[in-house]
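First comes the structure, then the notes that go with it.
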Amino acid sequence: MQRMRQVQAAREKAFEPLAEILGQRAELQHQLAELDAPYGEAFAAAEAAGWTAVELQAIGAEQPVKPAKVRTRNRRTAPKGAPEDTAEESASAPPAGATTAP
């Protein structure tokens with residue numbers, strides 16, 4: 001049992017530098033992500049001032065990363081296989097519970 005604890009302690013000690021670097025890396029990635037929007041705005045402003053994307057890239061400015069588009073799902077209102085209510089059917093049919101005059 002003592003030997004197992006020694007091995008585990010050695011493994012944990014070996015992981016400490018990696019854990020520290022992982023923390024620093026996460027912080028730097030967060031800081032970089034915070035700069036994405038201002039960088040994109042500055043790049044667009046340079047283009048608006050007459051620079052082309054090719055010219056900016058030639059002097060070391062990478063084209064800004066565009067945020068991923070968020071896709072929304074279509075939500076079905078009727079169960080699969082059930083006929084869907086159309087506007088035409090709704091307009092011609094009286095509302096449920098409504099009475100018609102004789």
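Values computed for the structure shown
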{"item": "Residue count for the range 29-54, restricted to those that are over 11 Å from V65 (Cβ atoms) and not small (G, A, S)", "result": "10"}
{"item": "Meets criteria (within 31 Å of the chain's Cα centre (by Cα), assigned to a helix (DSSP H, G or I), of a type in the set (G, A, S) and under 22 Å from I59 (Cα atoms)) for A26", "result": "no"}
{"item": "Some residue of the range 43-53 being of a type in the set (F, W, Y), assigned to a helix (DSSP H, G or I), out of contact with any Ser or Thr (no Cβ under 7 Å at 6 or more places or on another chain) and at pLDDT 95 or above", "result": "yes"}
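The values are calculated or read from the model by the stated rules, or taken from the named source; none is laboratory data. Every value quoted in this text rests on a predicted model; they were computed, and no experiment measured them. We place every Cβ from the backbone using ideal geometry, glycine too, and count neighbours over all the protein chains shown.
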